[in-house]
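Here's the structure, in structure tokens; my notes come after.
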Amino acid sequence: MDRRHFFRNTALVTTGALAGCALPGVAQSKPKTPFDVGDTYIPIVGSDEMFPVRRIYCIGRNYRAHAIEMGPNPDREPPFFFQKPTDAIQYVAAGTVADHPYPSLTKNYHYEAELVACLGKGGRNIPVEKALDLVYGYTLGLDMTRRDLQRAMGDQKKPWEIGKSFDRSAPIGAVHRLAQVGHFTQGNIWLKVNGQTKQNADLKQMIWSVAEQISKLSEANELFAGDIIYSGTPENVGPVVKGDVIEMHIDGLPNLSVKIV
Ligand code: MN
């Protein structure tokens, strides 16, 4: 066995076992490392603490009209999820317009406006009626998508990760704690490009509620504090080009704006 490989595994397992980690190989306290790779945090409104992001989950086709525009089966099928890497997060402060780089490889770069649930607790096999107990707070975000690549890969029955899980593909606002904003079961969600309304719907049109999403996800993976869930986008997704300004809104949260550069 390669010596370095052996030491790496030994160090991880030992650290995990000593710290009583839920997952093997995950250190609870920061070990000595040859270089830093960085962690991902989102500011919490009204707090000097930051929200540490563990995983980014996203649900697909969660509004009926969007499901129809994306594929052949708009009926209520079981929810499906994908992930983005945590360093895909691009934090955007309220009241600012952040520069968002047009990504490589695509000629059809799409916005998707979404409510984001941020978990403060975890668990497995959470019943729907207990699922909202896991929520720490909410924010809003864009599930930016290289649509041409997503479609091309889907057509070939290959993973569409390259269309969804790339650098800075997850612009997001600050986290609002539950006590400040409550749960989001209804309310207007809209997105404008250069002041023109593109998406305009109501959160109550979600096919799977946030509670149902948490419950379903917890059957596939143990959930942990720090996991966030992009809860799907309404219909009328569409392209942007360099120079466009995207503004998105959810009732009860400050708007999020980015400029494509
Ligand atoms: Mn999405």
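The values are calculated or read from the model by the stated rules, or taken from the named source; none is laboratory data. No experiment lies behind these values; they were computed from the predicted model shown. Cβ sites come from the backbone with ideal geometry, for glycine too, and all protein chains shown count toward neighbours. Ligands, DNA and RNA are excluded from the accessible area calculation, which covers all protein heavy atoms including side chains. Shrake-Rupley method; radii C 1.70, N 1.55, O 1.52, S 1.80 Å.
For this structure, a couple of remarks:
- Folded to 0 to 90 degrees: helix 3-19 orientation relative to the chain principal axis, Cα: 80 degrees
- Annotation: peptides 181-191, 119-129, ranked by per-residue average of other Cβ atoms within 10 Å with the highest first, follow the order 181-191, 119-129.
- Counted by Cβ distance under 12 Å from Ala152, the other residues give a net charge of +4, where Lys and Arg count +1 and Asp and Glu count -1.
- The chain - accessible surface per residue (Å², probe 1.4 Å): 51 Å²
- Computed across the chain, the Kirkwood hydrodynamic radius from all distinct Cα-Cα pairs reaches 19.3 Å.
- DSSP finds beta bridges in the chain, and of those with both partners inside it, around 80 percent are antiparallel.
- Computed over protein heavy atoms with a 1.4 Å probe, the carbon and sulfur contribution to the accessible area of the chain reaches 52%.
- Hits among lysines - C-alpha to C-alpha of Lys259 under 27 Å, sequence gap 8 or more where chains match: Lys84, Lys107, Lys164, Lys192, Lys198, Lys242
- Here the range 142-204 and the range 28-83 have alpha carbon centers that stand 10 Å from each other.
- Near-label residues of the range 85-114 by backbone N, under 12 Å of a point 7 Å along Cα→Cβ of Val241: 108-109
- Ranked packing of 28-35, 236-243, most packed first, by mean Cβ within 10 Å: 236-243, 28-35
- Highest average packing first - 77-87, 169-179, Cβ atoms within 10 Å: 169-179, 77-87
- Residues of the range 123-156 with amide N under 15 Å of a point placed 7 Å along Cα→Cβ from Ala225: 123, 133-137
- Extension gain (nm, one decimal) between Asp202 and Ala152, 0.36 nm per residue minus Cα-Cα: 15.0 nm
- Stretchable slack from Asp133 to Gln186, in nm (0.36 nm times residue separation minus alpha-carbon distance): 17.3 nm
- The chain - mean residue ellipticity at 222 nm from DSSP helices (-39,500 (n - 2.57) per run, n ≥ 4, rounded to 500): -6000 deg cm²/dmol
- Cα→Cβ-extended label distance, 7 Å offset, between Tyr102 and Ala27, nm: 4.1 nm
- Other residues within the sphere of radius under 13 Å centred on the Cβ of Leu223, judged by their own Cβ, net out at +2 (K and R +1, D and E -1).
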